[in-house]
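Scroll down for the structure; my scribbles are underneath it.
The values are calculated or read from the model by the stated rules, or taken from the named source; none is laboratory data. What you see is a predicted model; the values in this text were computed from it and never measured. We place every Cβ from the backbone using ideal geometry, glycine too, and count neighbours over all the protein chains shown. The accessibility values were calculated without ligands, DNA or RNA, using every heavy atom of the protein model including side chains. Shrake-Rupley method; radii C 1.70, N 1.55, O 1.52, S 1.80 Å.
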Amino acid sequence: MAAILDGKACAAAYKANIAAEVQQILARGGRKPHLAAILVGNNGASETYIASKVKTCGEIGFESTLIRFPESVTEAELLETIQKINKQAEVDGLLVQLPLPAHINEHTVTLAIDPEKDVDGFHPGSLGRMMLGLPGFLPATPKGIMMLLEHYGIKTSGMEAVVIGRSHIVGSPMSVLLSRNTEPGNCTVSLCHSKTRNLEAHTRQADLVVAALGKPEFLKADMVKPGAVVIDVGITKISDTSSPKGYKIVGDVAFEEVAQKASWITPVPGGVGAMTIAALMQNTLEASLRRQGLKQA
Ligand code: NAP
């Protein structure tokens with residue numbers, strides 16, 4: 001039976017450290033780190049993610065500002081607001097919650113964010129720095145997974161790793177981070193996607209599998225090597241009449257059966273989701289330390 005990579009507990013430990021650093025900043029005469037977030041429309045999942053980011057800011061002593069726009073906002077209006085926040089000296093981090101409505105170009109919006117405030121790590125400058133191994137903001141979900149592996153002392157060096165899903169925000173950067181010359185890292189990585197032939201042949205060879213495709217319970221026990229480390233990024237809401245809420249959150253891994261075979265596994269919820277927020281907060285803290293001249297870029 002696999003041991004649990006407890007994202008909730010790990011995130012709590014990181015958040016306690018961040019909260020302690022905030023107290024030190026204040027004691028040195030600095031100000032609270034400040035995260036600004038822009039939310040467009042009323043997408044239920046986005047509302048939930050933003051609410052938990054704002055709540056976490058309060059818990060760890062950050063300032064936060066939430067700017068909401070209706071679905072009908074124009075790209076020009078959104079860009080104008082981003083430019084305004086870019087210039088606000090007291091704001092350290094700025095994120096625009098994705099996805100955006102179809103009439104707004106996500107790349108244009110991402111590019112408009114000041115790279116020094118790009119705490120989601122989606123700006124091409126941040127992604128380029130990641131490719132080169134230079135210091136910068138790493139995308140929050142892959143960064144959170146690396147923090148989780150490090151926290152549990154999982155030695156990934158030399159592992160065969162398979163990442164399923166190649167999105168710009170999760171799968172692709174995850175494959176880069178796992179292949180970098182770092183610990184955790186130093187994996188030999190295969191990046192699989194919807195056109196991959198015989199995906200099972202890849203996953204059965206893998207010492208580490210990261211499932212990030214958004215297909216509930218896709219990864220079954222017969223697709224996993226005994227003793228593999230399994231990371232489940234998926235979050236899908238499915239209806240569940242037995243739950244008081246009427247729904248449950250399901251990952252991309254068939255948890256019960258895969259847990260019988262894996263050595264380590266992340267649960268959903270309480271795994272990668274919690275770490276994503278902790279990583280975002282870590283990025284915001286670093287942005288603030290640099291902005292306040294308390295840390296070198
Ligand atoms: P996405 O942009 O929809 O990308 C999905 C990827 O999976 C694509 O690369 C797609 O391949 C691939 N894929 C789809 N079906 C496949 C199949 N049958 N076999 C192999 N590959 C397949 O998704 P995303 O934004 O990366 O999110 C993935 C999941 O993670 C979602 O459930 C999302 O809600 C969740 N998520 C969780 C967190 C967190 O904090 N836990 C953060 C972000 C996202 P193609 O490129 O060929 O289309």
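I need the phi-derived Karplus couplings for the stretch 122-139: 6.51 cos²θ - 1.76 cosθ + 1.60, θ = phi - 60°, integer Hz, Gly and Pro marked x.
9, 5, x, x, 5, 5, x, 4, 4, 4, 8, x, 8, x, x, 8, 8, x
For the stretch 194-207, what does the Karplus curve 6.51 cos²θ - 1.76 cosθ + 1.60, with θ = phi - 60°, yield as ³J(HN,Hα) per residue in whole Hz, taken in order and with x for Gly and Pro?
Running phi through 6.51 cos²θ - 1.76 cosθ + 1.60 with θ = phi - 60° gives 5, 9, 5, 7, 6, 4, 4, 4, 6, 5, 5, 8, 8, 7 Hz.
Where the convex hull is taken over the Cα atoms of the chain, what is its projected area averaged over directions, in nm²?
For the chain, the mean projected area of the Cα convex hull comes to 15.7 nm².
Quick check: Cα centre of the stretch 124-186 to Cα centre of the stretch 39-71, how many Å?
Spelled out, the Cα-based centre of one part sits 25 Å from the other.
Counting only protein heavy atoms and a 1.4 Å probe, tell me what percentage of the chain's accessible area is made up of carbon and sulfur.
Its accessible area is 54 percent carbon and sulfur atoms.
Charges only on Cβ, +1 for Lys and Arg, -1 for Asp and Glu: so what's the dipole of the chain about the Cα centre, in debye to the nearest 20?
So the magnitude is around 320 debye.
Whose amide H sits under 5 Å from the amide H of LYS225, counting only residues 5 or more places off or on another chain, with H placed in the peptide plane?
Here ALA206 satisfy the definition.
Would you mind computing, in nm to one decimal, how far apart the modelled labels at LYS248 and ARG197 are, each placed 7 Å from Cα along Cα→Cβ?
Placing both labels 7 Å beyond Cα along the Cβ direction yields 3.8 nm.
Once the Cα atoms of helix 140-151 and of the chain are each reduced to a long axis, what angle between those two axes, in degrees from 0 to 90 to the nearest 10, is obtained?
The two axes meet at around 60 degrees.
Per-residue HN-Hα couplings for the stretch 165-177, Karplus 6.51 cos²θ - 1.76 cosθ + 1.60 at θ = phi - 60°, whole Hz, x for Gly and Pro?
x, 10, 5, 5, 9, 10, x, 5, x, 4, 5, 5, 4
Note the full-extension length gain between ALA13 and LEU98 as 0.36 nm times their separation in residues minus their Cα-Cα distance, in nm to one decimal.
27.9 nm
Taking 0.36 nm per residue of separation and subtracting the Cα-Cα distance, what length does fully extending SER157 through ILE4 add?
Gain on extension, SER157 to ILE4, equals 53.0 nm.
Kindly report the accessible area of the stretch 27-105 per residue (heavy atoms of protein chains, probe 1.4 Å, no ligands, DNA or RNA), in Å².
49
Measure nothing fancy, just the Cα-based angle from helix 272-291's long axis to the longest principal axis of the chain, in degrees from 0 to 90, nearest 10.
For helix 272-291, the angle is close to 30 degrees.
Rank ALA51, VAL96, LEU78 by how far each Cα sits towards the positive end of the charge dipole of the stretch 30-114 (+1 on Lys, Arg Cβ; -1 on Asp, Glu Cβ) and give me just the farthest.
ALA51
Expressed in nm to one decimal, what extension gain is obtained for the pair LEU294 and GLN205 from 0.36 nm per residue of sequence separation less their Cα-Cα distance?
Stretched fully, the LEU294-GLN205 segment lengthens by 27.5 nm.
For every helix of n ≥ 4 consecutive DSSP H residues, a contribution of -39,500 (n - 2.57) applies; sum these over the chain, divide by its total residues, and give [θ] at 222 nm rounded to the nearest 500 deg cm²/dmol.
So the helix-based figure for the chain works out to -12500 deg cm²/dmol.
So if we plug the beta-carbon distance of ALA76 and THR48 into 1/(1 + (r/R0)^6) with R0 = 22 Å, what FRET efficiency do we get, rounded to 0.05?
E between ALA76 and THR48, to the nearest 0.05, is 0.20.
Output the peptides 14-21, 31-38, 238-245 sorted from most to least packed, where packing is the average of other Cβ atoms within 10 Å over each peptide's residues.
31-38, 14-21, 238-245
Run the quick spin-label model on HIS107 and HIS168: label points 7 Å from Cα toward the beta carbon, then report their separation in nm to one decimal.
Output for this residue pair reads 0.7 nm.
Place a +1 charge on the Cβ of each Lys and Arg in the stretch 203-297 and a -1 charge on the Cβ of each Asp and Glu, then give the dipole magnitude about the Cα centre in debye, rounded to the nearest 20.
360
Which cross-chain or sequence-distant (5 or more) residues have an amide H under 5 Å from the amide H of SER167, H modelled 1.01 Å from N in plane?
Answer set, sorted by chain and number: SER172.
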